Amino acid sequence: MVINFNNVPGTREEMLALQEKGLVWTVKHAYENCDFYRKKLDDAGVSPGDIKSLDDISKLPFTEKQDLREAYPFGLMSVPERDIIRIHASSGTTGKKTVAYYTRQDLDDWMEMMARCWHFAGITPEDRVQITVGYGLWTAGVGFQLGIERLGAMAIPVGPGGNELQMEMLIDLGATAICCTSSYALLLAEEVNKQGVQDKIKLRVGVIGSERWGKKMRARIEELLNIETFDIIGMTETYGPGTGIDCHVHEGIHYWSDYLIFEIIDPVTGIEVPPGEEGEMVVTTMRKEGMPLIRYRTRDITRQIIEECPCGSPFFRIDRILGRTDDMFKFRGVLVYPGQIDQMISEMEGLNCEYQVILKRDQGRDSMLLRVECTQDFCGDRSELAEEFLRMTKAKVGVSPQVEIVDCQCLPRTERKAKRVFDERDI
Ligand code: ZN
């Protein structure tokens, strides 16, 4: 085993002390070596000398996605260019991509975090891991691969090769673990089921990330593929995938709190929420050289879990990602997160995991249509099921959509991130 947890702080106090050191170092490093951060801190009237403890973090200004776009391509570089040995870039659906740059130590740290993720998922050098996510500018494929190789397992770097190739490799090479997006895991699980080749598949673990997925979807993937799944988080700005994962207890996600500081803030006021409350996740790196991040607003919605995990790991925890601040939508004055819809679906019998929300405006009045798939074997009354789901939505979210129950597997499945909210209102 290459991973060495000996240097990881064993107690919460020790972890916080290390975070404090990391914060002080990062602010000084960024201020002294990056014009972008120096200007940002000067504008906010903060100097590195003001940051002495973790509590001082709230004095620092936020860094936003827009800042990264404006600094495109190399505006956040905080070391001489000769020390950068790799770049990656995010897909960026609108506008310019976000470019990330890595020193040798940054890549080494990322590899360590990814290897820890695989270790948490129970992967050993005996395992064969099929990678179905993208390579190239993307951080995903190469990030997963680095971790697999660091751990000493066998990487099968298929990339996004389409169903036929994935199935062929899965069966012929006997992968015991797979990494993919949740939409693709579902698509593959349904394909394996359709072809009836469950007994030819040796999978036991799925490491799944890059988008939010509900409990029901997770249960369906686990059932159809007969695997244990792990929810991995990360983004290009924070190295890439692998900044955290759930453990065998599956109660929230451990993040590598000896490399990263997470805060949860109110997305509207920017003030830190009380411990345990939901809000937007904000990340500060502790030892990233090439492109440090100071209070980066991730737009992911989650909450801190303060209680110690039954698994005994000293790494801090957050809840699974509930949604994105950009996916939040307002319907007749009520703020709705897609994660709330996932949650309700998972609590109700007869419903499958996929859904769509369609928002329209007709003569100044908003309407919301919620399409939900029923399970394959559902043979009850669909309008009763819709009525029951509507009652639950009213009670739990405070909105009254029109609910339509549709056939199992009739909503689109995709290899990419699924789009589930269609806001057709002219705003
Ligand atoms: Zn745990």
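The values are calculated or read from the model by the stated rules, or taken from the named source; none is laboratory data. Keep in mind that this is a model prediction, so the values were computed, not measured. Backbone-built Cβ (ideal geometry, glycine too); neighbour counts: all protein chains shown. Protein only, heavy atoms only, side chains kept; ligands, DNA and RNA dropped before computing areas. Shrake-Rupley method; radii C 1.70, N 1.55, O 1.52, S 1.80 Å.
Might you tell me the accessible area per residue for the chain, computed with a 1.4 Å probe and given in Å²?
Per residue, the chain has 45 Å² of solvent-accessible surface.
Can you give me the solvent accessible area of HIS119 with a 1.4 Å probe, rounded to the nearest 10 Å²?
70 Å²
Once you have a ≥ b ≥ c as the square roots of the Cα gyration tensor eigenvalues for the range 250-366, tell me rounded if a/c is under 1.5, and otherwise prolate or oblate according to whether a/b is larger than b/c. Could you put the intermediate results ahead of the total?
On the way: a/c = 2.51, a/b = 1.52, b/c = 1.65.
Since a/c reaches 1.5 but b/c is at least a/b, the shape of the range 250-366 is classed as oblate.
Just how much of LYS39 is accessible, in Å², when a 1.4 Å probe is used and the result is rounded to the nearest 10?
Roughly 130 Å² of LYS39 is accessible to a 1.4 Å probe.
The range 108-159: Rg/Rh from Cα coordinates, Kirkwood Rh?
0.94
Treating the Cα atoms of the range 181-230 as identical point scatterers in vacuum, please give the log10 of the normalised Debye intensity I(q)/I(0) at q = 0.13, 0.17, 0.19, 0.33 Å⁻¹, two decimals.
-0.25, -0.43, -0.54, -1.43
Rg and Dmax of the range 165-276, using alpha carbons, in Å: what are they?
In order Rg, Dmax, the Cα atoms of the range 165-276 give 16.7, 54 Å.
Count the net charge of all other residues whose Cβ sits under 11 Å from the Cβ of ARG371, scoring Lys and Arg as +1 and Asp and Glu as -1.
Spelling it out: positives minus negatives among the neighbours equals -3.
Considering only DSSP beta bridges where both residues belong to the chain, give the percentage that are antiparallel (nearest 5).
In the chain, approximately 60 percent of DSSP beta bridges are antiparallel ones.
In a GNM of the chain with a 10 Å cut-off on Cα contacts, which of LEU188, LEU260, LEU165 has the highest mean-square fluctuation?
Comparing LEU188, LEU260, LEU165 in a Gaussian network model of the chain, the most mobile one is LEU165.
Cβ under 14 Å from ASP172's Cβ, ASP172 left aside: what net charge do those residues give with Lys, Arg +1 and Asp, Glu -1?
Taking every Cβ under 14 Å from that of ASP172, the sum is +1.
If you average the alpha carbon positions of the range 203-282 and of the range 65-139, how far apart do those two centres end up, in angstrom?
17 Å
Taking the Cα centre as origin and putting +1 on Lys and Arg beta-carbons and -1 on Asp and Glu beta-carbons, what dipole magnitude results for the chain, to the nearest 20 debye?
Values: 52 positive and 68 negative charges, 167 e Å.
Charge dipole of the chain: 800 debye, to the nearest 20.
If you take every DSSP beta bridge fully contained in the range 305-422, what fraction is antiparallel? Give it as a percent rounded to 5.
For the range 305-422, the DSSP antiparallel bridge percentage is about 65.
Using all Cα-Cα distances in the chain, what percent lands in each 20 angstrom bin from 0 up to the longest?
Result returned by the calculation: 25, 56, 19, 0.
So what is the orientation-averaged projected area of the range 329-423, using the convex hull of its C-alpha atoms, in nm²?
The number I arrive at for the range 329-423 is 6.3 nm².
Given the DSSP H assignment, sum -39500 (n - 2.57) over each helix run of at least 4 residues in the chain and divide by its residue total; what's the result at 222 nm in deg cm²/dmol, nearest 500?
-9500 deg cm²/dmol
Which order do you get for THR176, THR298 if you rank them by accessible area with a 1.4 Å probe, largest at the top? The partial results should precede the final answer.
On the way: THR176 25, THR298 5 Å².
Greatest to least solvent exposure: THR176, THR298.
Going toward the positive end of the dipole of the range 1-325, with +1 on Lys and Arg Cβ and -1 on Asp and Glu Cβ, which of TYR72, LEU224, THR236 do you reach last?
TYR72
Of the accessible area of the range 329-423, with the probe set at 1.4 angstrom, what percent is carbon plus sulfur?
44 percent
Measure off, as a whole percent, the carbon and sulfur share of the 1.4 Å-probe accessible area of the range 1-78, all protein chains present.
Working: 2140 of 4360 Å².
It is 49 percent, rounded to a whole number.
Would any residue of the range 356-382 have its amide N under 16 Å from a label point 7 Å out along Cα→Cβ of LEU390? List them or say none.
358, 367-372, 381-382
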